[in-house]
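Structure record follows, encoded as structure tokens.
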Amino acid sequence: MRFLAAIGALALVVAVGAAIYFFTGFYSVAGTSEDPGIVKWAMVQVRTASIARHATMSPPDKFDEPARVQAGAREFASRGCTNCHGGPGVPWGKFSEGLRPDPPDLKDVVNDLTPAQIFWVVKNGINMTGMPSFALAGAQDQPLWDIVAFLKKLPGVSEADYKAWTAPPETPAAAPAASP
Ligand code: HEC
């Protein structure tokens with residue numbers, strides 16, 4: 001009985017201590033204060049397990065046809081992904097180096113993710129990181145699958161291909177400039 005009372009008292013002390021620490025400003029929310037190694041490790045485990053459990057959708061038929069890969073490149077360029085992640089020949093915005101966790105260079109991670117996992121992440125985002133939910137931002141599923149098709153090919157996409165696929169559509173030739 002005494003033992004249980006001691007555990008109860010200890011739990012109370014810990015709860016009050018944590019409340020003071022977090023609610024009176026001792027805890028620093030600064031992006032510059034490094035998380036302890038164990039917190040970083042736990043965040044990666046929780047993210048990986050959560051994505052693996054939730055990503056259950058199957059890709060649409062023939063979702064990785066070249067036309068969809070190229071459409072995905074355009075979606076990737078126009079929806080702002082390169083600001084944080086960069087792309088072939090496109091540097092990420094300097095500000096993204098100040099995000100914690102750091103947005104990864106996607107060509108280094110896409111081989112470890114299934115199409116369903118990439119789709120789930122882009123659709124739903126990753127809470128408490130800079131990774132937005134593009135469903136909340138108004139994207140339909142189909143352009144997001146196009147992005148997945150593009151990302152699965154990303155490690156082999158050359159800068160020239162990316163540039164050609166994302167170039168603005170040809171505009172009718174402008175009238176020749178009047179000579180001076
Ligand atoms: C404002 C910055 C930002 C933008 C814009 C952004 N991302 Fe992210 N993204 C992140 C961050 C930060 C992470 C890492 C989260 C983490 O480590 O838990 C991430 C993670 C990811 C991952 C998961 C990587 C992994 O290893 O699990 C994918 C895939 C991804 N982003 C794709 C995209 C795509 C596609 C777009 C555009 C449609 C996009 N992101 C736009 C910041 C961004």
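Mind listing just one residue for me: the one in segment 107-128 that is part of a loop (DSSP other than H, G, I, E, B) and open to solvent by 50 Å² or more (accessible area, probe 1.4 Å) and, of those, nearest to the ligand (Cβ to nearest atom)? Quick ask: steps written out before the conclusion?
First, pick out the residues of segment 107-128 that are part of a loop (DSSP other than H, G, I, E, B): 109, 113-114, 125-128.
Going one step further and asking which of them are open to solvent by 50 Å² or more (accessible area, probe 1.4 Å), we end up with 113-114, 127-128.
On the way: 113: 6, 114: 11, 127: 9, 128: 8 Å.
Once the filter is applied, the top-ranked residue is 113.
Of everything in segment 84-126, what is hydroxyl-bearing (Ser, Thr, Tyr) and closer than 22 Å to residue 70 by Cα? Give them in sequence order.
114
Report yes if some residue within segment 17-26 is on the phi > 0 side of the Ramachandran plot and either part of a loop (DSSP other than H, G, I, E, B) or open to solvent by less than 90 Å² (accessible area, probe 1.4 Å) (or both); otherwise report no. Write out each step before concluding.
Residues of segment 17-26 on the phi > 0 side of the Ramachandran plot: 25.
Subsequent filtering for residues that are either part of a loop (DSSP other than H, G, I, E, B) or open to solvent by less than 90 Å² (accessible area, probe 1.4 Å) (or both) retains 25.
Yes, the conditions are met somewhere in segment 17-26.
Can you tell which of 132, 143, 104 is over 15 Å from residue 50 (Cα atoms), touching a residue at least 12 places away in the same chain (Cβ under 8 Å), out of contact with any Ser or Thr (no Cβ under 9 Å at 6 or more places or on another chain) and in a loop (DSSP other than H, G, I, E, B)?
104
The values are calculated or read from the model by the stated rules, or taken from the named source; none is laboratory data. Bear in mind the structure is a predicted one, so any value in this text is a computation, not a measurement. Methodologically, a virtual Cβ is constructed for each residue, glycine included, from the backbone with ideal geometry; neighbour enumeration extends over all protein chains shown. Each accessible area value is taken on the protein alone, full model and side chains, heavy atoms only, with ligands, DNA and RNA left out. Shrake-Rupley method; radii C 1.70, N 1.55, O 1.52, S 1.80 Å.
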